[in-house]
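Take a look at the structure below.
The values are calculated or read from the model by the stated rules, or taken from the named source; none is laboratory data. Please read all numbers here as calculations on a predicted model, not as lab measurements. Every residue, glycine as well, gets a Cβ built from its backbone with ideal geometry; the counts of neighbours run over all protein chains shown.
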Amino acid sequence: MKPEKMKVAVLSGGTSGEREVSQRSGAAVAKALRSVGVRLVEVDVKSTKVEIPQGTDICFLCLHGGYGEDGSIQAELDSQGIAYTGSGSEASARAFDKLRAKEVMGAAGLPLAEGLEWNEENSWIPPYVLKPVADGSSLGVHLVRTEEEAKKARKEALQWKGTMMIERLIEGAEMTVGILGEKALPVVEVRPGKGFYDFRNKYTAGATQYLCPAPISKEQMEAFQRLALQAHQALGCEVLSRVDLMVDSEGKAVILEVNTLPGMTDLSLFPRAGRTAGIDFASLCLKILELSWAKTRKEVKT
């Protein structure tokens, strides 16, 4: 079925701290799809009991954080026999849990920053990163370079509702690579004006400089794309993802995380990489629908 003939439900909002960002992603996707004649309805997800409109052929997921990227909504839609965009429930759950994802990618021989579950007894010497095991948009992330910063980070970490993890801080350039289908998009280098690429720098216009394609050699570009695709495949992801990397002063890259439902706002990295590859935003949304529908049909046949 062609996207133009589908009845699409664009799901956004959600119950996580990324609700506002998710709504912006959903609004952008809905506007783009309407511009090319796709019939759709926008669904504001306000709880974990979402009602999908009758006659929906496929859900375009723009949910970020819990009940979006953790596999829950995917499992619910599977149980109802409703198609949706992106990875399945198991792959989503694997990628969303950063410690679990590290275990899987480590077993595949991929380069990672050392990390483990954090508790008050962990006494690493700075520098390190203290961050939630399962959350997005850099919410709750602390870069710790001094003992004073360590005290503040530990205090705030104890107030965080979910599990925290501690990870070696890799100083260097931050790169991100979008995956669409079985191909890697052009590498984007992210340069925040102040501090690190936190929630403010991600979603404030002008706060961060984005270089796409990244100013790196062809060899590096291909190596980082290959690494991102390997991470995507190791976790069992499908259709799309965005893989974040850190590159040290020697040019060595390590994988930070894999995002199964990357942002789709005007400032988001995935659409930016798509544009550099010659795919405008509406075409990118259509491609995601096509690939997701094809994946669903393949699953039904098998």
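If I filter segment 43-58 for residues that are in contact with a Phe, Trp or Tyr (Cβ under 8 Å, 6 or more places away or on another chain) and farther than 22 Å from Gly181 by Cα, do I get at least one hit? Yes - at least one qualifying residue is present in segment 43-58. Counted as qualifying within segment 49-158 are the strands (runs of 3 or more DSSP E) with 1 or more residues that are closer than 30 Å to Thr296 by Cα and outside the structural domain of Arg242 (by TED's automatic domain parsing), namely 58-61. Take the residues of segment 1-47 that are touching a helix residue (DSSP H, G or I) at 6+ places or on another chain (Cβ under 6 Å) and assigned to a strand (DSSP E or B): which is nearest to Ile288 (Cα to Cα)? Within segment 1-47, the match that is nearest to Ile288 (Cα to Cα) is Val10.
For segment 116-125, which positions are surrounded by fewer than 16 Cβ atoms within 10 Å (Cβ to Cβ) and at pLDDT 85 or above?
Scanning segment 116-125 gives Leu116, Glu117, Ile125.
Within segment 157-181, the set of residues being touching a strand residue (DSSP E or B) at 6+ places or on another chain (Cβ under 7 Å) and farther than 30 Å from Arg275 by Cβ comprises Ala157, Trp160, Gly162, Thr163, Met164, Met165, Ile166, Glu167, Arg168, Leu169.
Of all residues assigned to segment 265-287, at least one qualifies as being among the hydrophobic types (A, V, I, L, M, F, W, C), in contact with a helix residue (DSSP H, G or I) (Cβ under 8 Å, 6 or more places away or on another chain), farther than 19 Å from Ala184 by Cα and at pLDDT below 95. Count of segment 1-18 residues, restricted to those that are crowded, with 19+ Cβ neighbours inside 10 Å, on the phi < 0 side of the Ramachandran plot and not hydroxyl-bearing (Ser, Thr, Tyr), is 7. Tallying residues that are touching a Ser or Thr at 6+ places or on another chain (Cβ under 8 Å) and in a helix (DSSP H, G or I) within segment 206-227 yields 0. When segment 178-201 is filtered for residues that are modelled with pLDDT of 75 or more, part of a loop (DSSP other than H, G, I, E, B) and at negative phi, the ones remaining, listed by number, are Glu182, Leu185, Pro186, Val187. The number of residues in segment 11-25 that are over 14 Å from the mean Cα position of the chain (by Cα) and free of Cβ contacts under 8 Å to residues at least 60 places away in the same chain comes to 7.
So Cys237 fits all but one of (1) modelled with pLDDT of 95 or more; (2) hydrophobic (A, V, I, L, M, F, W, C); (3) outside any loop (DSSP other than H, G, I, E, B); what number is the exception? Going through (1) modelled with pLDDT of 95 or more; (2) hydrophobic (A, V, I, L, M, F, W, C); (3) outside any loop (DSSP other than H, G, I, E, B) one by one, Cys237 breaks only (3). For the residues Leu33, Leu77, Leu63, Leu40, the requirement of being among the aliphatic types (A, V, I, L, M) and within 17 Å of the chain's Cα centre (by Cα) singles out Leu63. Test Ser35 against the criterion of being buried (at least 17 other Cβ atoms within 10 Å of the Cβ) and either more than 28 Å from Gln233 (Cβ to Cβ) or among the small types (Gly, Ala, Ser) (or both), and give yes or no. Judged against the criteria, Ser35 is not a match.
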